[in-house]
Amino acid sequence: MTTQASSSTIRKTLNFNAGPAALPTSVLRIAETEFLNYNKTGVSVMELSHRSKDFESIIFTAIKDLRELMDIPAEYEVLFMHGGGTGQFAAVPMNLLRGEKKASYVITGSWSAAAAEEAKKYVDDIEIAAHTGPSFTSLPSEWKVSADSAYIHYCHNETVNGNQYHNILEIASKYPTIPLVADMSSSFLSEPVDVRRFGCIYAGAQKNVGPAGVTIVIVRKDLLGNPAKFTPTILNYTITAAKESMYNTPPTYPIYITSLVLKWIKQQSLQHLSNVNKEKAQILYDYIDQSNGFYEAKIEPDARSRMNVVFLLKSEELTKTFVKEAEKHHIMGIAGHRSVGGCRASIYNAVPLEHVRELIQFMKEFATAHS
Ligand SMILES: *Cc1c(COP(=O)(O)O)cnc(C)c1O
């Protein structure tokens, strides 16, 4: 708390960006201190060889910390890759189809739709296991999945639409033999998950755990070894695993910042962070629901995202005024995605509870002034 208070004079912006997004101030301070001279090397981390002892220590410690934080069993590989979530939309079918014809996709918003669209290039038979469009205000608890499907792909948290699965293991337990593949780009390490129940989890770092440029993949080892022939080497899980995420030059600086964020999470524990995340979402939705319709959250309560709180005002005009006024109050990134309009507050790990309280205070004052 004290760190946040003392830094608030320099970093007074309330950052609700959807991604790239807020990073913990204390992490940026460490990076600042080490920026010119990392660990007495006399050079910056980004000037180090990725084959140097210093960088190897950064990446291997990051992987070890991630394994600890998520309790990742030895039967899983942890990979640091390039290409973002979008790269994984292609990498997943290339690596995980394993000679099969069919893969199942659950469509619950714009990111899972994009994943299925990309997969069509590589999968003969895409099975749409469920589709909740065009509104995406609820999440299906029944999927239609064939027994010969190579994997089931779904998006854990739909960043644009603002929905999130809170009962995924219950649903997935109906398909125990089919690997479950999760796009966790915007919910990664925001709460504990049981990795053992997944075939593969992937996430771009830039929402919850670091800067843009590094993509984290957690994949069960028995699914490796049979990628499509045409798989580009940098998207190949098997080779990336064999080369310990350093087949080519990895994004060294993003990996370094991510390593600091992982330490920051370890210091407070994932459970604590998860509790704070829950509270942030709870107070914001509670306020929206009690605003007598001035603000409205359309997503059904049990499907609401704890990371991306999407809400509407009564008109486009009022929305524009709201965003403009917010900017004057140093509130950044509150406009909704251009495809859905309205507003969105992304309240990832690094957004303090206090910033959410300040946002609510601003929303109250705005509602009073414009009712
Ligand atoms: C941001 C995001 C992506 C795309 O990530 P890029 O790194 O920009 O490719 C994919 N899926 C989800 C859920 C996201 O939030």
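The values are calculated or read from the model by the stated rules, or taken from the named source; none is laboratory data. Please read all numbers here as calculations on a predicted model, not as lab measurements. Cβ sites come from the backbone with ideal geometry, for glycine too, and all protein chains shown count toward neighbours. When the accessible area is computed, the model is the full protein with side chains, heavy atoms only, and any ligands, DNA or RNA have been set aside. Shrake-Rupley method; radii C 1.70, N 1.55, O 1.52, S 1.80 Å.
The Cα center of the stretch 238-266 and the Cα center of the stretch 13-62 differ in position by 11 Å. Global dimensions of the stretch 195-257 from alpha-carbon coordinates: Rg and Dmax equal 12.6, 34 Å.
Summarising the label geometry, the points placed 7 Å from Cα in the beta-carbon direction at Phe60 and Phe35 lie 3.0 nm from one another. Database remark: amide H of Ser44 closer than 5 angstrom to the amide H of Tyr38 (H placed geometrically; neighbours at sequence offset of 5 or more, or on other chains; Pro and chain starts carry no H).
From the C-alpha coordinates alone, can you work out the Kirkwood hydrodynamic radius of the chain, in Å? Intermediate results must be reported in sequence, preceding the final value.
Numbers: mean 1/r = 0.0466 Å⁻¹.
Across the chain, the inverse of the average 1/r is 21.4 Å.
In order along the stretch 330-339, phi translates into HN-Hα couplings of 6, 9, 9, x, 8, 5, x, 4, 4, 7 Hz, rounded to whole numbers, per the Karplus curve 6.51 cos²θ - 1.76 cosθ + 1.60 with θ = phi - 60° and x for Gly and Pro. Across the stretch 73-185, counting alpha-carbon atoms alone, Rg and Dmax equal 13.4, 40 Å.
Extension gain for the segment Glu358 to Arg51, taken as residue separation times 0.36 nm less the Cα-Cα distance, is 106.0 nm to one decimal. Around the amide H of Glu127, modelled in the peptide plane, lie the amide H atoms of Ala103, Ser104, Tyr105, all under 5 Å away and 5 or more residues distant in sequence or on another chain.
On the protein heavy atoms, probe 1.4 angstrom, tell me the percent of accessible surface of the chain carried by carbon and sulfur.
Numbers: 8510 of 16430 Å².
Using a 1.4 Å probe with all protein chains present, the chain comes out at 52 percent carbon and sulfur.
Scaled to the globular estimate 2.2 N^0.38 Å, the Cα spread of the stretch 30-126, given as radius of gyration, is 1.51.
GluC sites (Glu not before Pro), restricted to the stretch 1-109: which are DSSP loop and have at most 13 other Cβ atoms within 10 Å? Don't skip to the end; give the middle numbers.
Details: sites: Glu32, Glu34, Glu47, Glu56, Glu68, Glu75, Glu77, Glu100; in loops: Glu75, Glu100.
Those that pass, being in a loop and sparsely packed, are Glu75.
Note on Lys40: lysines with a C-alpha under 24 Å away, same-chain residues under 8 apart excluded, are Lys53, Lys64, Lys263. When you filter the trypsin sites (Lys or Arg not before Pro) in the stretch 118-188 for DSSP loop state and at most 10 other Cβ atoms inside 10 Å of their Cβ, you are left with Lys121.
Explain nothing, just the number: dipole magnitude of the chain about its Cα centre with +1 on each Lys and Arg Cβ and -1 on each Asp and Glu Cβ, in debye rounded to the nearest 20. Present the calculation step by step, with values, prior to reporting the outcome.
Numbers: 37 positive and 38 negative charges, 103 e Å.
Taking the Cα centre of the chain as origin, the dipole is about 500 debye.
Electrostatic tally near His355: other residues with Cβ closer than 13 Å to its Cβ, Lys and Arg +1, Asp and Glu -1, net +1.
The lysines whose alpha-carbon is closer than 28 Å to the alpha-carbon of Lys102, local same-chain residues fewer than 8 away aside, are Lys120, Lys121, Lys144, Lys174, Lys221, Lys229.
With Cβ to Cβ distances under 13 Å as the rule, what net charge do the other residues near Phe136 carry (K, R +1; D, E -1)? It would help to have the intermediate numbers written out before the result.
Details: positive: Lys298, Arg304; negative: Glu158, Glu300.
Charge balance in the 13 Å sphere: 0.
Rolling a 1.4 Å probe over the protein chains gives Arg344 an accessible area of about 20 Å². The GluC sites (Glu not before Pro) of the stretch 124-158 that meet both conditions, a loop assignment by DSSP and at most 12 other Cβ atoms within 10 Å of the site Cβ, are Glu142. Each Cα pair under 8 Å and six or more residues apart adds its sequence gap; the mean of these over the residue count of the chain is a relative contact order of 22 percent.
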